[in-house]
Amino acid sequence: MSQELHRFQKSYYMSTKRFFLLLKVASLALCASLLASATQAQEIWKGEGKKAHAEGCPRLETMLADPQIKAKMSQITPKDMMSERIELCSKCPDIMAKLFNYDPKMKVYRDALWFRVHAENCPELILKEHKKTMTLAEADLAGARIGESGQSGRTNCCFFGYQRQHPQKKLTDETLLCGNDNKRNVKHIAGCHRYWPDRTDMRRPLKDWVADGFKVCDHCIERGPSVASITDEEWAKLGTPFEFVAPSGWSPTAFFPDRRPSQEELELLIQETLAKSNGIQELQFTDPLASMENFMVMRFFFPVHNWLDFYMAYRATGDERLREKLLESARHYNQLAKTFPSVAQAKASTPEGIPFMLTMAASARITLQLALKKPDSVSPEQLAEAEDFLKTMYLVLHPTCEGTRSKLDQEMRIPQELADDFRTRAFNRSMNGIGTLGIFAAAMEDLQTLKNTNQFQKAIQQYQHVAGEYIKHWFSKSHFCDKNGGFYYSYKPEDKAYEKVDGCPIFKRPEDAGHYSHTMQGVVFLYESAPELGANDQLMTAVASAIYHNSTTKIQRHGEAVLSGHIECPTMSQVDPYGSKRGGHQYSPARERFYVLEAFKEGMIDGLCDPLSSEEKAAANSEYDKRLATLYAQYANAIRKDRSLIHLGERM
Ligand SMILES: [Zn+2]
Ligand SMILES: [Zn+2]
Ligand SMILES: [Zn+2]
Ligand SMILES: [Zn+2]
Ligand SMILES: [Zn+2]
C-alpha cells in the first residue's frame, strides 16, 4: 500500500472515530427528540417538481402549514431522491452527508471522458457494466471529481455532502488543448460544451498555448482533466465537408415572401446548405464510452441549427441532396441508439433530450410521405430505412412515454415522471421534443396507411396523447389576449395564481423573444405534422399577432418608449414591463425564426424588420438564414392550403 494511501486511511479512521463520537452525541439528542415527538428519522418531503425539503427547512414549515399544499406532498427517502434526481432546496439544512455513510472501500465507477467517479446507484451513471471501477478512497487519492456531472461539473449527481481528503486533480502544463491561432478564442479540452472543433484546429500542450499568450477556457479549468483521446483520423473528419465559395460576381440578395427566387439563386442556397456540417454533436473519441458521456451532455433542444437548415431547405425545394444530408445524422443516431439503447433511452427520458432523434423522425416522415404520394420516387431500401428509424424511435421512447418506469399521472394519464417534467421544465426546452413526437406519430400513421394495417394504432394514439397533453398543459399556463388577439405564456410553467389585471394575467417572467422563437419552432413541427393537437391555424395566427405587436409597438419603460425583448400582452407591458427588471432581455430585430409567421400574417417579415433602415433591412435579409427562413415561410403558406404538399419543388 502506498505511503499516501496509508496516511489517508489513517486520517480517515481518525475522522470516523470522531464521527462515531458525534453520532453518539447526536443519538442522545435524537432520543430526546424522540421523546418529544414521534419523529423517527429526519423527514424529507417532496411536492410537485424536482425539489425536496428536509425537516428544519423554513420553506417546508410554510408548505406544511398550508393544508392544500401539504395534501400534494409526500415523504421521500434519500435513496429515492437520488434515483429520481430530486435535490434539497437551497434553504434546507445540509444533511445529505449525514444521511449516507460513505465507506472508503465502496466501489465507484469511473467515467471515460472526464476524470469523474460515481456511486453504484447514481442516476447519471450510464453503461455501468462497461466502466472501470476503483474504491472511493482510491478515487479520492487520485484526485478524481467525486459525484460531479453536467457540462462544467457544477451539478452533483451522487455522493452528496462527501468531504474529500485529497485535492482534485487540475490541468497540467502537458494537458492537450485545442483551438485555432485566433488570439481572441480561449483554448479548450476536446469535449468542452463551449468548443466546436474543426479539423484545421491545433492540439498542443497547455504550456505552449500559454507561452504564446493564449488563455484557457474557464469551464475546462473548472471541470478538470479529461481521460479521453481522439485519433488523428477522427480529427481529420471534423468540421464542414467543404467551404462554400460564392461564384465571382455574385453577392446574396434578399428573398421575398411572395416571389419564388430564380433557379440560380435556389441552387446557390442549396450549395450553401450542403456546405454545413452534418450536426452530429458528440465527438468520436477512441473510447466509445467517452463519446456516449459527451452525447449525454450535448444539447439538441433548440433544435440542432444545421438540422433545421437541412429540413427547411428540403421542404422549400425538395432537393434530394438535402434529404441525403438529413440522413447523415439520422443514420448516425439510429446506429447509436441500437448500439447503446440504454443511453438513448436515458437521453430521451425527458422531452429536452428527444430531439436527438429529430432527423430520424423528419427523414422517415418525408420518405413515407413520398412513398404514399409518388411511390416510384422511393426505393424499397429507402422505405426499409425509414421504417427502421421509426422502430428504433419506438424502442427509445417507449419507457418514457408509455410508463414502464413509473405509475400514471391521474390528470394527464401519462407516466408520472413525464407529467412532472411537463409541469416544471421551461417550455423552450421541451417543445422541440414534443414537436419530434408529433412528427414521429405522423410518420407512424403514414407507415400504417402504406402497409394497410392498423397494427400501430395504439402506439400512434399514445404518442399523440402525450404530445396533446403537453400542449393542453401549455395552454393552461398561457393567455390568449383579447386586446390584440396575441398568444402569451411565461418562460416556464408558473404555479402561483397570477395577479390579473383587466382580464390579463401578469406573469412573473413572461417569455423572452429568443426563447419564444425556439419554442415556436417546436410548435411549427406540430403544425406541420399534427395540427389537431392544438398547434393549428388559430394558434399560429395568435402567435403571429403577439410577435408582430411586439416588434411594431413600443412600450413605456422608465419613461422611455422602447421595443421589448419580452413577449408581453398590452396589459402586461403596461402594468409591469418585464424588461425593466434585472436579467430582462433586449429587443432584437429581424429574428429569422419568426419569418415563418409570414404565412399567418402578411407583412410579418416587414414588421420584424420595422426598426431597421431600408439599407439595414436589405443587408439583414440577404443573409443565408434569412433567405432560407423567407423561403420556408412560402412552404408554410402553401401547406396551409394544401396539406398533402411535401415540398415546394412540387409547385415548379
Ligand atoms: Zn428546503
Ligand atoms: Zn454521479
Ligand atoms: Zn472549454
Ligand atoms: Zn392580455
Ligand atoms: Zn441556419
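The values are calculated or read from the model by the stated rules, or taken from the named source; none is laboratory data. As the structure is a prediction and not an experimental result, all values here were calculated from the model. Neighbour counts run over all protein chains shown; Cβ positions are idealised from the backbone, glycine included. What goes into the accessible areas is simple: the full protein's heavy atoms, side chains included, and nothing from ligands, DNA or RNA. Shrake-Rupley method; radii C 1.70, N 1.55, O 1.52, S 1.80 Å.
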Residue tally, condition in contact (Cβ under 8 Å) with a residue 60 or more places away in the chain and either closer than 23 Å to Phe295 by Cα or open to solvent by less than 40 Å² (accessible area, probe 1.4 Å) (or both), over region 165-202
5
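Results for (1) more than 30 Å from Lys131 (Cβ to Cβ); (2) without any contact (Cβ under 8 Å) to a residue 40 or more places away in the chain, shown as yes or no for each residue.
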{"residue": "Ala211", "(1), (2)": "yes, yes"}
{"residue": "Asp232", "(1), (2)": "no, yes"}
{"residue": "Phe244", "(1), (2)": "yes, yes"}
{"residue": "Ser251", "(1), (2)": "yes, no"}
{"residue": "Phe256", "(1), (2)": "yes, no"}
{"residue": "Glu264", "(1), (2)": "yes, yes"}
{"residue": "Gln284", "(1), (2)": "no, no"}
{"residue": "Val297", "(1), (2)": "no, no"}
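Looking at this structure, is Leu268 over 30 Å from Phe301 (Cβ atoms), within 16 Å of ligand 5 (Cβ to nearest atom) and not aromatic (Phe, Trp, Tyr)?
Taking the combined requirement at face value, the residue satisfies it.
In region 281-324, what residues are within 30 Å of Arg223 (Cα to Cα) and small (Gly, Ala, Ser)? Break it down stepwise before answering.
First pass over region 281-324, keeping only residues within 30 Å of Arg223 (Cα to Cα): 281-307.
Selection gives Ala290, Ser291.
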Those residues that are closer than 20 Å to Gly522 by Cβ and not in a helix (DSSP H, G or I), I need them from region 627-648; list them, please.
Arg643
Selection within region 347-377 - among the small types (Gly, Ala, Ser), more than 21 Å from the chain's Cα centre (by Cα) and open to solvent by less than 30 Å² (accessible area, probe 1.4 Å):
Ala364, Ala371
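Consider region 603-617. How many of its residues are open to solvent by 30 Å² or more (accessible area, probe 1.4 Å) and touching a residue at least 24 places away in the same chain (Cβ under 8 Å)?
3
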Looking only at region 370-385, decide whether some residue is within 24 Å of Thr400 (Cβ to Cβ) and of a type in the set (A, V, I, L, M, F, W, C).
no
What are the residues in region 43-58 that are loosely packed, with under 14 Cβ neighbours inside 10 Å and touching a strand residue (DSSP E or B) at 6+ places or on another chain (Cβ under 6 Å), if any?
none
For the subset of region 203-225 comprising residues that are open to solvent by 60 Å² or more (accessible area, probe 1.4 Å) and in a loop (DSSP other than H, G, I, E, B), which member is farthest from ligand 5 (Cβ to nearest atom)?
Asp212
When residues of region 409-418 are limited to those that are buried (at least 21 other Cβ atoms within 10 Å of the Cβ) and over 17 Å from the mean Cα position of the chain (by Cα), the one farthest from His465 (Cα to Cα)
Pro415
Return a yes/no flag: does region 618-635 have any residue that is open to solvent by 50 Å² or more (accessible area, probe 1.4 Å), acidic (Asp, Glu) and at pLDDT 95 or above.
yes
Looking at Gly514, Gly485, Gly468, which one is touching a helix residue (DSSP H, G or I) at 6+ places or on another chain (Cβ under 8 Å) and either within 16 Å of ligand 3 (Cβ to nearest atom) or farther than 20 Å from Ile414 by Cα (or both)?
Gly485
Going through region 476-530 in order, the residues found to be of a type in the set (Gly, Ala, Ser), within 16 Å of ligand 4 (Cβ to nearest atom) and open to solvent by less than 10 Å² (accessible area, probe 1.4 Å) are Gly486, Ser490
From the residues in region 155-179 that are more than 27 Å from the chain's Cα centre (by Cα) and either modelled with pLDDT under 95 or not in a loop (DSSP other than H, G, I, E, B) (or both), which one is farthest from ligand 5 (Cβ to nearest atom)?
Gln165
Mind telling me which of the residues Lys91, Lys105 ends up being assigned to a loop (DSSP other than H, G, I, E, B), open to solvent by 10 Å² or more (accessible area, probe 1.4 Å), at pLDDT 95 or above and more than 30 Å from Asp232 (Cβ to Cβ)?
Lys105
If we scan region 50-66, do we find a residue that is closer than 15 Å to Tyr162 by Cβ and either among the β-branched types (Val, Ile, Thr) or more than 16 Å from ligand 5 (Cβ to nearest atom) (or both)?
no
With Gln556, Gln574, Gln538 as the choices, which residue is assigned to a helix (DSSP H, G or I), without any contact (Cβ under 8 Å) to a residue 40 or more places away in the chain and away from ligand 4 (no atom under 16 Å from the Cβ)?
Gln538
From Ala254, Ala228, which residue is away from ligand 3 (no atom under 15 Å from the Cβ), part of a loop (DSSP other than H, G, I, E, B) and open to solvent by less than 40 Å² (accessible area, probe 1.4 Å)?
Ala254
For Asp111: the one exception among (1) open to solvent by 50 Å² or more (accessible area, probe 1.4 Å); (2) modelled with pLDDT of 80 or more:
(1)
Which condition number does Ala467 fail, the rest of (1) open to solvent by less than 10 Å² (accessible area, probe 1.4 Å); (2) at positive phi; (3) small (Gly, Ala, Ser) being met?
(2)
Between a first residue in region 31-53 that is modelled with pLDDT of 75 or more and a second residue that is basic (Lys, Arg) and away from ligand 2 (no atom under 16 Å from the Cβ), which pairs have beta carbons less than 7 Å apart while being 6 or more apart in sequence or on different chains?
Gly47/Lys72; Glu48/Lys72; Glu48/Arg423; Gly49/Arg423; Ala52/Lys46; His53/Arg59
It is to be established whether one or more residues within region 387-398 are closer than 30 Å to Phe507 by Cβ, surrounded by 15 or more Cβ atoms within 10 Å (Cβ to Cβ) and of a type outside the set (Gly, Ala, Ser).
no
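So if I check each of Ser573, Ser564, which one is small (Gly, Ala, Ser), buried (at least 18 other Cβ atoms within 10 Å of the Cβ), farther than 25 Å from Tyr527 by Cβ and touching a helix residue (DSSP H, G or I) at 6+ places or on another chain (Cβ under 7 Å)?
On inspection, the qualifying residue turns out to be Ser564.
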Residue under question is Asp610, and the condition is that it be under 23 Å from Thr519 (Cβ atoms) and either assigned by TED's automatic domain parsing to the domain that holds Arg365 or part of a loop (DSSP other than H, G, I, E, B) (or both); does it hold?
yes
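Before we move on, is Phe427 under 23 Å from Gln457 (Cα atoms) and among the aromatic types (Phe, Trp, Tyr)?
Details: under 23 Å from Gln457 (Cα atoms): no; among the aromatic types (Phe, Trp, Tyr): yes.
Considered against the rule, which asks whether it is under 23 Å from Gln457 (Cα atoms) and among the aromatic types (Phe, Trp, Tyr), Phe427 comes out as no.
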